[in-house]
Every structure is written in C-alpha cells, then in structure tokens.
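First the structure, in the form of structure tokens, and then the observations on it.
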Amino acid sequence: MIEILNLSDLPKARAVGALVAGILQSMKSRSAVGTNLLEIDQWTKALIEEAGAESCYVDYAPSFGRGPFGHYICTSVNDAVLHGLPFDYALADGDLLSLDLAVSLDGVVADSAISFVVGEATSPHDGALISATERALTAGIAAAGPGAKIGDLSYAIGTVLSGAGYTINTEFGGHGVGSTMHQDPHVSNTGRPGRGYKLRPGLLLALEPWVMADTNELVTDDDGWTLRSATGCRTAHSEHTIAITEDGAEIMTLPR
Ligand code: MG
Ligand code: MG
C-alpha cells in the first residue's frame, strides 16, 4: 500500500522528523569510548517516552527477523550494517557505529540513520564509506520531486555508490513511510531512471543507502536480527525521511 499524506499534515511529519533527528544527534554526542550499546538503547527509550512518541521497533516482528525486536534503536558496529540488535558491548576507540531510529508521533512515522566513528582513532576508509552513503543520500534526495520516478532516485543513489567503488546489495533499501514504518514503494539502492512509481506531493519516503567495503553479501547473526558483511569488512548506512512537496522534496529528519 502507498499512503499519501494530506499536505495539511506535513507539520506532523516535520515534528516527528525533528524528534528522530534530535534523538540521533543526542545519541551520537553520547557515544564515547566505553559507552554501552544498551545504554544508548535506554537513553533512546527515555527520549521517545518523554516526547510522547511510540517506538516503531520494540514490537516490530517482520518475517525477516526473529520475534519482536525488543529494543528502541538499531546499533550496528563495524561489520554490522543493518538491524543491529543492541547488546552488552562497550564502544571502543575507532568503532564505526551506525544508529537507525524510527518512531511514530501523532500517527506519522519518521525513519533516519547516521554513521560515525567513535573516539579518536580514524581510518581513511571509514571516512570514504560514510561519505559514499551520505553523498548517495544527497543525490537521491536531489532526484526526488513531483513527477520523478522511483527509478530516478535509485539510479542517482546507485551511481554514487558504484562510482565510489562499492557493489550494491538489493535485498534491503528505502521505502515509503506513513502511519507505519515500512510501506510501498520500495526504493532500491540501484535502478534505472524513468522506471517505477511516479512521485506525488504528500508521499513520504525513507531513502537509505548502505554499503560494505568489499562485498555485497550479508550474513545474519545468531540474534536473528543483526546483518553483517559476509567478509567481516566495515560498513556504513545513512538515511533520511523526505516528503515530496508541490515543488520538490523536503528533508524531514535534518538535524536542526
Ligand atoms: Mg531506518
Ligand atoms: Mg528505513
């Protein structure tokens, strides 16, 4: 199903987007060497509840996962790239952490992800991984607007990722957003321009380029959720929720 938001409800999407962006930035600033992933989860829970919002994750139980997720944020470290289930782990200097958060407020969902390096240690390749996903996200958003096709966005994203030297996994990508987190249309991270659903004002989309340094194959952890690179290489993920407007696209989850 594809939901189209009434444009008069756009302020609701902005409000939930600002909440998600604010929580992610807060968690980034608190993610230091020694911070435990379970602390990040609990801090996120507290901020969601304080805002009167609802987690899209805690009871989430899709066919690809194992039972309800049971936590409030995805914490994917180093070779983990998507759906990282928080566990008892203290962050180390140089860890590449991806945080992914979706919440519902006033009946509208926003979904966003950021990747960054914890502490002081840096590796040039981590910067390249993160930059590729951020630039791909920017390109996908730039291709979005009324009348554009989903394939235009996928092509823009995929061109940046493959141009940066990465191979693209098409099992997981972006998606429509609305009263629930995952809706049609699917937005693959590679595609052909001019193909697919034509965007219209009021459509909310989550665009989420992600890459793994030297593979496009995933393996699933024993926790049934966390997806890692098959080779153990490092990974990155960036995501924004955008709204198609009358004259373009507006990012709902931009940090303010
Ligand atoms: Mg997400
Ligand atoms: Mg998403």
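The values are calculated or read from the model by the stated rules, or taken from the named source; none is laboratory data. Every value quoted in this text rests on a predicted model; they were computed, and no experiment measured them. Please note: Cβ atoms are built from the backbone with ideal geometry, for glycine as well, and neighbour counts cover all protein chains shown. Ligands, DNA and RNA are excluded from the accessible area calculation, which covers all protein heavy atoms including side chains. Shrake-Rupley method; radii C 1.70, N 1.55, O 1.52, S 1.80 Å.
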Within the range 1-51, work out how many residues are surrounded by 15 or more Cβ atoms within 10 Å (Cβ to Cβ), in a loop (DSSP other than H, G, I, E, B) and not acidic (Asp, Glu). 4
Elements of type strands (runs of 3 or more DSSP E) in the range 59-115, at least 3 residues being within 11 Å of ligand 1 (Cβ to nearest atom) and within 28 Å of Ser179 (Cβ to Cβ): 96-105
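Restricted to the range 191-209, and to residues that are within 18 Å of Ala21 (Cα to Cα) and in contact with a Leu (Cβ under 7 Å, 6 or more places away or on another chain), which residue is surrounded by the most Cβ atoms within 10 Å (Cβ to Cβ)?
Pro209
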Of the residues in the range 174-190, those that are of a type in the set (Gly, Ala, Ser) and either open to solvent by 40 Å² or more (accessible area, probe 1.4 Å) or away from ligand 1 (no atom under 16 Å from the Cβ) (or both) come to Ser179
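Condition check ((1) without any contact (Cβ under 8 Å) to a residue 60 or more places away in the chain; (2) in contact with a His (Cβ under 7 Å, 6 or more places away or on another chain); (3) at positive phi; (4) assigned to a strand (DSSP E or B)) across all residues:
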residue	(1), (2), (3), (4)
Thr170	yes, no, no, no
Ser179	no, no, no, no
Thr190	yes, no, no, no
Arg195	yes, no, no, no
Pro201	no, no, no, no
Leu205	no, no, no, yes
Asp222	yes, no, no, no
Which residues, taken from the range 128-173, are open to solvent by less than 20 Å² (accessible area, probe 1.4 Å) and of a type in the set (S, T, N, Q)? Thr133, Ser154, Asn169
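State all residues of the range 228-256 that are open to solvent by 10 Å² or more (accessible area, probe 1.4 Å) and not in a loop (DSSP other than H, G, I, E, B); if no residue qualifies, say none. Steps first, answer last, please.
We begin by selecting, within the range 228-256, every residue open to solvent by 10 Å² or more (accessible area, probe 1.4 Å); these are 228, 230-234, 240, 245-251, 254-256.
The answer is Arg228, His240, Ala249, Glu250, Ile251.
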